[in-house]
Amino acid sequence: NTLLSQLDVSELLAAIASSIRLVKDFDYATLALYDAEAKMFRVQRLDSATAKDDPPNEMLLPIAGSPAGWAYASGKPLLFKGDPGERLPVEIPPHLLWQSVKSGCWILLRGREGTLGTLNLFSRRPGAFSADDVGVLSQLANQVGIALDNAMAFGRITDLNKRLAKEKLILEGELRTEHTFGEIIGESKALTKVLKQIETVAPIDSTILILGETGT
């Protein structure tokens with residue numbers, strides 16, 4: 001309920017971090033969401049950077065060769081226990097080495113139309129995550145995926161409404177200009193610009209001088 005009530009993405013990230021801590025403690029957490037335009041993961045921290053040497057709150061990460069990419073491509077979560085001699089199918093990314101990560105897991109995030117990316121949790125001590133933890137976190141990730149779907153859809157609708165409102169203002173301005181200056185002959189861009197400028201200064205109680213060649 002906490003997750004699904006958040007429609008603002010930035011507020012949702014904080015809610016995700018708080019909700020996960022009720023289930024499993026962690027030192028560092030991110031979301032790796034697939035960016036179709038960049039064809040890369042857009043990695044976002046679930047907590048804001050606090051130290052000067054912390055990695056940025058958002059970065060682009062290649063899919064190939066990354067643990068999140070392995071989980072995304074295979075459709076399976078990836079567990080890193082940090083045991084001596086343990087080998088992962090891919091290398092640990094630099095931003096995790098900066099955080100001195102010793103164990104972690106990459107959990108699939110599924111939305112209504114497919115896999116969105118991965119939920120990634122890490123600890124600075126080895127053995128902090130088990131297979132049972134992965135099972136529980138996978139259930140929570142299902143709710144996170146739905147919440148992200150809702151927030152991103154809300155964001156797209158908000159952007160669309162803003163764009164439509166802007167276009168409406170432009171059209172209304174063009175209609176005002178067209179009807180207010182009906183006796184002015186001409187439809188060039190230059191003349192339209194002048195008429196809009198006149199419309200802007202007309203309500204002002206000041207003398208306005210318009211410069212230009214005679215007959216233009």
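The values are calculated or read from the model by the stated rules, or taken from the named source; none is laboratory data. Quick caveat, the model's predicted, so the values are computed rather than measured. Cβ: placed from backbone, ideal geometry, glycine included. Neighbour counts: every protein chain shown. Just the protein is used for accessible areas: all its heavy atoms, side chains included, with ligands, DNA and RNA removed. Shrake-Rupley method; radii C 1.70, N 1.55, O 1.52, S 1.80 Å.
Annotations
- Close pairs (6 angstrom Cβ cut-off, 6 or more residues apart or separate chains): surrounded by 14 or more Cβ atoms within 10 Å (Cβ to Cβ) in segment 185-196, modelled with pLDDT under 80 and not in a helix (DSSP H, G or I) anywhere: 195/181
- Test: residue in segment 101-112 that is crowded, with 16+ Cβ neighbours inside 10 Å and of a type in the set (Lys, Arg): yes
- Residue satisfying all of: in segment 39-60; at pLDDT 85 or above, among the hydrophobic types (A, V, I, L, M, F, W, C) and touching a Pro at 6+ places or on another chain (Cβ under 8 Å); farthest from residue 12 (Cα to Cα) among these: 40
Conditions tested, residue by residue: (1) open to solvent by 80 Å² or more (accessible area, probe 1.4 Å); (2) under 22 Å from the mean Cα position of the chain (by Cα).
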residue	(1), (2)
118	no, yes
124	yes, no
130	no, no
133	no, no
146	no, yes
151	no, yes
159	yes, yes
165	no, no
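- Scanning segment 60-105 for residues that are of a type in the set (S, T, N, Q), assigned to a helix (DSSP H, G or I) and farther than 23 Å from residue 36 by Cα yields no hits at all.
- Matching residues, segment 26-40, being assigned to a loop (DSSP other than H, G, I, E, B) and touching a residue at least 24 places away in the same chain (Cβ under 8 Å): 26, 27, 39
- Residue match in segment 169-182 (condition: modelled with pLDDT of 85 or more and open to solvent by 40 Å² or more (accessible area, probe 1.4 Å)): no
- For segment 62-69, the count of residues that are open to solvent by 50 Å² or more (accessible area, probe 1.4 Å) and either within 21 Å of residue 14 (Cβ to Cβ) or in contact with a Cys (Cβ under 9 Å, 6 or more places away or on another chain) (or both) is zero.
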